[in-house]
2 protein chains.
Amino acid sequence: MRLLLAAALAAMTLPAAAQTIAIREIGSFHVGGRIATIEGLPTREITFTAGAPPFRINPNGDFQVEQMYVQYVKLAEPRARVPLLMWHGGGLTGVTWETTPDGRPGWQMFFLRQGHDVYVGDAMERGRSGWARFPEIFAGEPVFRTLGEGWGLFRIGPADGWNTEPAQRRAFADSKFPLAAWNQFGKQSVPRWVTTDAQIQRAYDALVQQACPCVIMMHSQGGNFAFTAALNAPDKVRAIIAIEPSGAPDPARAEATRVKGIPHLVVWGDYIEGNPFWARLRTNVERWQGAIREAGGVADTLDLPARGIRGNSHMLMMDTNSDQVAALVQEWMAAKGLMR
Amino acid sequence: MRLLLAAALAAMTLPAAAQTIAIREIGSFHVGGRIATIEGLPTREITFTAGAPPFRINPNGDFQVEQMYVQYVKLAEPRARVPLLMWHGGGLTGVTWETTPDGRPGWQMFFLRQGHDVYVGDAMERGRSGWARFPEIFAGEPVFRTLGEGWGLFRIGPADGWNTEPAQRRAFADSKFPLAAWNQFGKQSVPRWVTTDAQIQRAYDALVQQACPCVIMMHSQGGNFAFTAALNAPDKVRAIIAIEPSGAPDPARAEATRVKGIPHLVVWGDYIEGNPFWARLRTNVERWQGAIREAGGVADTLDLPARGIRGNSHMLMMDTNSDQVAALVQEWMAAKGLMR
């Protein structure tokens, strides 16, 4: 009997067992969207698979469009009070949260281990959300990110530090981005439209109605969508965690009082001073934070360089110190009473 | 002491605990692909985010293209000898395996519970794999599936049974597809090219080199890619499970002896007799199965109607009896020695 108990207790404290997480369910769904009708296009004949008979395609008809894909991982015993929704930035997908380009575990896994049910989605039009015919349904045309564009934009190094040849690339001296994995990071890029903000917002708002109450963590372009989702459904959002948001509501047009009950945290990496593009984006966000505080709410800032943590890029959830930054975010969530 | 042990044993046998699965890691990666260069296109000015300064876009440059996205869920203690790779069909993504359109758990969850490490990917060009500029990188143009196209093609009902109005749709009398969720299923559709088979195959072959030894389960258009992947790396593939494959290698061009050591299972749903399109596709597959058997290999067939299981559509992993069909597949895997 004692031996059995000893064995049972030993099994409970094995390091390997301690690293596992107990999952109740992994699944996904699509939310939002509408049916759009296309008329007047000519029919065509197509062979789908080698060996298959040709198939006459009529491109006209009804199409399911503008929905959004969301995958969830539900824990057996979540320690967080509400699920954590993770919204990615422009030209990317939910993969942002799943992995780092050098193959370390992503923030999805980090926050699962911390006890959060996690919902990782792809913005409307990106990744598994699918995309629609243009210009008939999406206005304009898609934009494709070059392998080098992000080098300056994501503050890996100076914009003129980019070079096709990896050995010739010049990064910031103390950059924490896993530089050797830059091309691998490029594989995460997906095309985007710049004309679909309204549809993206509608799909996110539909997700909030379906999956919340929740905490929303977002990155970059996801910022404005999440700030706005909180304005649109303040009763559904328990906190907003903005990782380098590229936009925020204009206090002259949006009522910050609506979100004064929702604690906000904004996280910034390094090299923003002296980068006019990012300095301007940050000013917009700080104006919104100021409005929230003026309304009596909480709008904190986690400025990593000010905390002595140097070298973080715009993709800080992929930087070599990604777990260190995540732990600071987790600490903030705990302090805000979001954990049981 | 006895009380403690009793409590420990009770915790081990709680129904809720029995339903959970112990996970070691969830993550993802992109595999394969190449860098393509585009030249000679004009520059354009674009505003990415409301409030952001306009940005001059040069669409020329180097692009990371033709990679494939794969997500994995690794169990703490897998009972299967090798991981299970799940490859979806045409016009869809890995979502095929994650859920059913009426919200029941998908086959990914079923096979995780059975003890398999599971890798669910998106074919090159679909979902989180991203897609590339056309016609410069992908030849031709994308094809979009109408909401009604799959009704006949996936054998939900007669092709002329489709109607925009849900109440007016005519399904086969004993169809097991969750009919009320048809429009929700439509949200899983993504555009596809019909000119990219070679690139899709290359990415799958790269995945096999990275993630195998493995068992490959595939659906529909994924069939030919998986049969071919086994031919290209017979030492890496332990079994092939083909769910309604839409294509197979031509025995006159491919050497079945190469895969005689790999047990194959082909699963068919209902309504194929009397459907000339599917009857012809099935004949191609049976010819390949015959060649494998002639070479001394195993190429089994699970014909659901012949087993007395009626009403399954082409999307049988989403049909209301999806768990019943999955259990038969699991039984076959166990019989083939693929479980510990």
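The values are calculated or read from the model by the stated rules, or taken from the named source; none is laboratory data. Please read all numbers here as calculations on a predicted model, not as lab measurements. Cβ atoms come from the backbone with ideal geometry, glycine included; neighbour counts cover every protein chain shown.
Counting only residues that are more than 9 Å from chain A (Cβ to nearest Cβ), surrounded by 12 or more Cβ atoms within 10 Å (Cβ to Cβ) and not in a loop (DSSP other than H, G, I, E, B), how many does the stretch B:35-46 have?
Counting residues in the stretch B:35-46 that are more than 9 Å from chain A (Cβ to nearest Cβ), surrounded by 12 or more Cβ atoms within 10 Å (Cβ to Cβ) and not in a loop (DSSP other than H, G, I, E, B) gives 1.
Which residue out of B:306, B:279, B:242, B:291 is under 27 Å from residue B:159 (Cβ atoms), small (Gly, Ala, Ser) and crowded, with 22+ Cβ neighbours inside 10 Å?
Only one candidate passes the filter, namely B:242.
Looking at (1) within 7 Å of chain B (Cβ to nearest Cβ); (2) closer than 18 Å to residue A:240 by Cα, which one does residue A:121 not meet, given that it meets all the others?
Of the numbered conditions (1) within 7 Å of chain B (Cβ to nearest Cβ); (2) closer than 18 Å to residue A:240 by Cα, the odd one out for residue A:121 is (1).
Within the stretch B:230-237, is even one residue within 17 Å of the chain's Cα centre (by Cα) and in contact (Cβ under 8 Å) with a residue 12 or more places away in the chain?
Within the stretch B:230-237, one or more residues are within 17 Å of the chain's Cα centre (by Cα) and in contact (Cβ under 8 Å) with a residue 12 or more places away in the chain.
List the residue pairs whose Cβ atoms are under 7 Å apart, where the first residue sits in the stretch B:92-117 and is closer than 12 Å to residue B:75 by Cβ, the second is aromatic (Phe, Trp, Tyr) and surrounded by fewer than 24 Cβ atoms within 10 Å (Cβ to Cβ), and the two are 6 or more positions apart or on different chains.
B:117/B:72
Here is a check on your reading of the model: is residue A:309 hydrophobic (A, V, I, L, M, F, W, C), over 22 Å from residue A:216 (Cβ atoms) and over 17 Å from the mean Cα position of the chain (by Cα)?
yes
A quick yes/no check of all residues on (1) at pLDDT below 95; (2) farther than 30 Å from residue A:184 by Cα; (3) of a type outside the set (Phe, Trp, Tyr):
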| residue | (1), (2), (3) |
| --- | --- |
| B:92 | no, no, yes |
| B:99 | no, no, yes |
| B:111 | no, no, no |
| B:124 | no, no, yes |
| B:134 | yes, no, no |
| B:145 | yes, yes, yes |
| B:174 | no, yes, yes |
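Residue check, residue A:27 against (1) outside any loop (DSSP other than H, G, I, E, B); (2) over 24 Å from residue A:198 (Cβ atoms); (3) more than 8 Å from chain B (Cβ to nearest Cβ); (4) modelled with pLDDT of 85 or more, all met but one. Which one?
That leaves (3) as the condition not met.
Assuming residue A:198 fulfils every condition listed in (1) within 27 Å of residue A:132 (Cα to Cα); (2) small (Gly, Ala, Ser); (3) part of a strand (DSSP E or B) apart from one, which condition is it?
Of the numbered conditions (1) within 27 Å of residue A:132 (Cα to Cα); (2) small (Gly, Ala, Ser); (3) part of a strand (DSSP E or B), the odd one out for residue A:198 is (3).
Looking only at the stretch B:294-303, filter to residues that are under 28 Å from residue B:94 (Cβ atoms) and among the aliphatic types (A, V, I, L, M); which one of those is surrounded by the fewest Cβ atoms within 10 Å (Cβ to Cβ)?
Top of the filtered list is B:298.
Hand me the list of helices (runs of 4 or more DSSP H) wholly inside the stretch B:71-170 holding 2 or more residues that are surrounded by fewer than 22 Cβ atoms within 10 Å (Cβ to Cβ).
B:107-113, B:149-153
Going by what's in this entry, would residue A:327 be described as within 18 Å of the chain's Cα centre (by Cα), under 28 Å from residue A:261 (Cα atoms) and surrounded by fewer than 19 Cβ atoms within 10 Å (Cβ to Cβ)?
So residue A:327 fits the description; yes.
Note down all Cβ pairs under 6 Å where the first residue falls in the stretch B:162-177 and is closer than 27 Å to residue B:106 by Cβ, the second is surrounded by fewer than 14 Cβ atoms within 10 Å (Cβ to Cβ), and they're at least six residues apart or on different chains.
What qualifies is B:169/B:163.
Would you pick out the residues in the stretch B:49-70 that are in contact with a helix residue (DSSP H, G or I) (Cβ under 9 Å, 6 or more places away or on another chain) and either assigned to a strand (DSSP E or B) or in contact (Cβ under 8 Å) with a residue 40 or more places away in the chain (or both)?
Listed by number, the residues that qualify are B:55, B:57, B:61, B:62, B:63, B:64, B:65, B:66, B:67, B:68, B:69, B:70.
Condition test on residue A:104, is it out of contact with any Ser or Thr (no Cβ under 9 Å at 6 or more places or on another chain) and of a type in the set (Lys, Arg)?
no
Looking at this structure, is residue B:329 closer than 13 Å to residue B:244 by Cβ and not in a strand (DSSP E or B)?
Criteria met by residue B:329.
Considering the stretch B:238-254 alone, what residues qualify as being away from chain A (no Cβ under 14 Å) and free of Cβ contacts under 8 Å to residues at least 40 places away in the same chain?
B:240
Listed residues B:17, B:52; which is at pLDDT below 95, over 17 Å from the mean Cα position of the chain (by Cα) and under 30 Å from residue B:318 (Cβ atoms)?
B:17
Checking the conditions here, which among A:217, A:124 is in contact with a strand residue (DSSP E or B) (Cβ under 6 Å, 6 or more places away or on another chain), hydrophobic (A, V, I, L, M, F, W, C) and within 17 Å of residue A:312 (Cβ to Cβ)?
Of A:217, A:124, the one residue that is in contact with a strand residue (DSSP E or B) (Cβ under 6 Å, 6 or more places away or on another chain), hydrophobic (A, V, I, L, M, F, W, C) and within 17 Å of residue A:312 (Cβ to Cβ) is A:217.
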